[in-house]
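The values are calculated or read from the model by the stated rules, or taken from the named source; none is laboratory data. If you're wondering where the values come from, they're calculated on a predicted model, not measured in any experiment. Please note: Cβ atoms are built from the backbone with ideal geometry, for glycine as well, and neighbour counts cover all protein chains shown.
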Amino acid sequence: MKLIARLIAVIGAMICVLPVLVIIIGSLMGNAELTSLIGPIFDEGEGYATWRFIPLYPTFQNLIELLLDTPEYYILFWNSMKVVATIAIGQLVFAVPAAWGLARYKGKFGKVIYTVYIFCMLLPFQVTMVSQYIVLNSMSLINTHLSLILPMVFSTFPVFIMYNSFEQVPEEVMEAAKLDGAGSFRLFLNIGVPIAGEGIASAMILGFLEYWNMIEQPVAFIKEKSLWTLSVYLPEFNSGNIGSAFAFSLFSIIPALLVFILGRNVLISGLSIEGGAGNGKDNS
């Protein structure tokens, strides 16, 4: 059984990595070679599309042209960085205290609010898009980055992740700190945040991956292409710049890959602590 489980895990990992590998290889191919392989997809040839994992004529031309001759890339890159960084800062300011308050307040009103949070988290963007558009339009925020930032700052998902982490703060530690004269703010800052640090970091990492790759919100709320983020812009597909599209895709996913690779241990640790705590509650 272990061998079968490992085999399934390896196959699953290969399937997940395959699209990234295709993007890397495609960015190292010339346009002529790409057209000969996948030209039929873009009506540039007859027959079926094929692929090879070793380029016949490797070239860095696509990457160099993107970095040196495509100023649009840098505009969109900094748009994405501005939006994602502002969302992360906003969630640290609002979501962390909100999660702490919900986790420490055990009254019925707190449970009702938490239930509403869960309900809102389950609603897909397509359901709330019209209402969000109406509100943002009434605030004259359509076609601005604030139309992307504000709804995400008050997203319920990070509150849900952090809530579970703050619930693991031992009551004994809280009572001892209160006896030593610690007030509510000190309890939150000196005890709650350090203990739930990995959960907070996990929420930030998951948030970065989600917001860096968001597509529906920029398409729905942003009209000017100069305000778009990387996730919704690709060069026009044709036989002349297929290689540029692959290069653009490669550099678009690099930040997300770096964040995931650097934060994977924190992410696994934070989520496993919450899962283990949940199992412990069920067993009790």
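Inspect all residues belonging to region 3-13 and state whether any of them is more than 31 Å from the chain's Cα centre (by Cα) and free of Cβ contacts under 8 Å to residues at least 12 places away in the same chain. Yes, there is a match, as at least one residue in region 3-13 is more than 31 Å from the chain's Cα centre (by Cα) and free of Cβ contacts under 8 Å to residues at least 12 places away in the same chain. Of all residues in region 240-276, those satisfying the criterion of being surrounded by 15 or more Cβ atoms within 10 Å (Cβ to Cβ) and modelled with pLDDT under 60 are ILE273, GLU274.
Of all residue pairs spaced 6 or more apart or on separate chains, those with beta-carbon atoms under 8 Å, a first member in region 33-52 that is surrounded by 12 or more Cβ atoms within 10 Å (Cβ to Cβ) and β-branched (Val, Ile, Thr) and a second member that is modelled with pLDDT of 85 or more and assigned to a loop (DSSP other than H, G, I, E, B) are ILE38/THR50; ILE38/TRP51. If only residues of region 99-123 that are under 27 Å from PHE221 (Cα atoms) and part of a helix (DSSP H, G or I) are counted, the one that is farthest from the chain's Cα centre (by Cα) is VAL116.
Check region 213-227 and report whether any residue there is over 30 Å from PRO40 (Cα atoms), among the basic types (Lys, Arg) and either in contact with a His (Cβ under 8 Å, 6 or more places away or on another chain) or free of Cβ contacts under 8 Å to residues at least 12 places away in the same chain (or both). No; the residues of region 213-227 include none that is over 30 Å from PRO40 (Cα atoms), among the basic types (Lys, Arg) and either in contact with a His (Cβ under 8 Å, 6 or more places away or on another chain) or free of Cβ contacts under 8 Å to residues at least 12 places away in the same chain (or both).
Annotation: of all residues in region 166-220 being among the small types (Gly, Ala, Ser) and farther than 30 Å from ILE261 by Cβ, the one that is farthest from the chain's Cα centre (by Cα) is GLY181. Among the residues making up region 53-76, a single one is surrounded by fewer than 16 Cβ atoms within 10 Å (Cβ to Cβ), under 21 Å from THR229 (Cβ atoms) and aromatic (Phe, Trp, Tyr): TYR74. One residue stands out among those in region 124-153 that are within 22 Å of the chain's Cα centre (by Cα), part of a loop (DSSP other than H, G, I, E, B) and surrounded by fewer than 15 Cβ atoms within 10 Å (Cβ to Cβ): the one that is modelled with the lowest pLDDT, which is PRO124. Within region 109-128, the set of residues being in contact with a Phe, Trp or Tyr (Cβ under 9 Å, 6 or more places away or on another chain) and either of a type in the set (Phe, Trp, Tyr) or in contact (Cβ under 8 Å) with a residue 40 or more places away in the chain (or both) comprises TYR114, TYR117, ILE118.
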